[in-house]
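Right, one structure below, let's go through it.
Every number here is computed from the coordinates shown, using simple stated rules; none is lab data. As the structure is a prediction and not an experimental result, all values here were calculated from the model. Glycine also receives a Cβ, built like all others from the backbone with ideal geometry; neighbour counts cover every protein chain displayed.
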Amino acid sequence: MATQGRAPTWRCGARENPRQMGGTVTRQATNSRRPSPLSANRRRARLFLPVLRKRRSGRVAAAAMSVLSDSGFEEDLQTPSPVLRLEWPADAARLMGAWPAGSPDCEESCFRVQKRNQEEFRTGSCLERQPQLTAGARCTLVSWLIAVHRHFELSFESCCLAVNIMDRFLSTTAVAADCFQLLGITALLIASKQVEVCSPRIRQLLSLCCDAFSREQLCNLECLVLLRLNFRLAAPTPAFFLHYYTHRALPEDAAHAPCGLLARRICELSLADYAFNRYPPCTTARCALQLALELLGVATPPSLDEGGGEERLLSQDCSKALRLLLSLNHEALQVLLMT
C-alpha cells in the first residue's frame, strides 16, 4: 500500500495509441456504397502514378537532407556551407592581445564562481525518495556511463555533468528500476550537448541499451529532465576543479602527466560511489590530486593545502574515504590506468 504524499513513480512507457487500447485496433467507417467504375481519364492517370511517386519521394528525400539530426546537427549535406569572409580591423591584433586566453585572473574568477555555486547543485541525498533504486544500482549505472563516455571519446567534464544531471533529477522525481538505464543515457546526451562540439546520436545510445527503449521515450524523458532542472545545466563538477588544481599546482610537462591521469581515475571511482555525494566537487578533486601525488612519490605543492576549520576536517574525511576506496578497487584502478 502506497504511503500518502509520495510522488508517483515515473515509468518510461510510450504514449498509448487511443486506437490500439484494449488490444484491439478500431477500423474507420468505410463507405458501404460500391465505387463507381473508373473513367478512361482515371485509367490513363493510373499509368503516371509510378512517375509521380518517384518525384514525390525525391522531394521528400531532398527535404529530409535539410532537417536537423537527432543530436542537433546537420548531417549528410550535399552542398558545402558558404564561406563567410570578414574584414578585420587594423587594430584587431592589439584588441585581441588585450585579453589573453587562459589568463590567471580569468581562471581564478571562474574558480570562485563555480566554488560558490557548489551548494546550489549538491546531490547528497538523491536516493532518499527512490523506493526502487539503491546505491548499488547507481554504482552499476555510473560505471557503465564511464565506459560509454570513453567509447564515444567524450570529455571527463561530460561524464561528471551527466552524473550530476542524473542525481539532481533523482532528487526531484521517483524513477522505476527498469527505466534507470534510460535516465543514464538521457543525462549523458544532455551533458554532451552542453559540453561537446558533436554529441552522440540517439540511435547510437539506444543501440548500447540493446534497443530496449525507443527514440520517443528518450526524447520525452529529455524534455522532462530539462523541465525538472529548470534548464540549469552549468553545474560545478570534479572535472572542472581537477583541471584547475592540476594546471595550478603541476607544471605542464611529460613528467607530471601520470599524476593528472591517476587523479582523474580516482575521481571516476568516486563518481560511482554514492557515499562521495556528501563532499563538494572541489574537495573531492583536490583530495584525489593529493592522493595521486602521494602514490607517485611527488611532493604536494603548497597551492593544494586545505583551508582552515571545517574545510580542513572535511578534506581529511574525504582523503580517508578515497584511500579506503582505492584499497577496495586496487585491481580495477590498475586496469583503468592501462586504458
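PHE240: net charge of surrounding residues, Cβ under 11 Å, Lys/Arg +1, Asp/Glu -1, itself excluded?
On the way: positive: LYS115; negative: GLU107, GLU157.
Residues close to PHE240 contribute a combined charge of -1.
From the square roots a ≥ b ≥ c of the eigenvalues of the alpha-carbon gyration tensor of the stretch 119-178, which class results: rounded (a/c under 1.5), prolate (a/b over b/c), or oblate? If you can, show how the numbers build up before the last one.
Values: a/c = 2.60, a/b = 1.44, b/c = 1.80.
Because a/c hits 1.5 or more and a/b fails to exceed b/c, the stretch 119-178 counts as oblate.
Take peptides 134-141, 237-244, 284-291 and line them up by average Cβ neighbours within 10 Å, highest first, as a rough protection proxy.
Numbers: 134-141: 15.6, 237-244: 23.8, 284-291: 25.6.
The packing order, highest mean first, is 284-291, 237-244, 134-141.
Treat each spin label as a single point 7 Å out from the Cα along the C-beta direction, and report the HIS330 to CYS223 distance in nm.
Once both label points are built, they end up 5.2 nm from each other.
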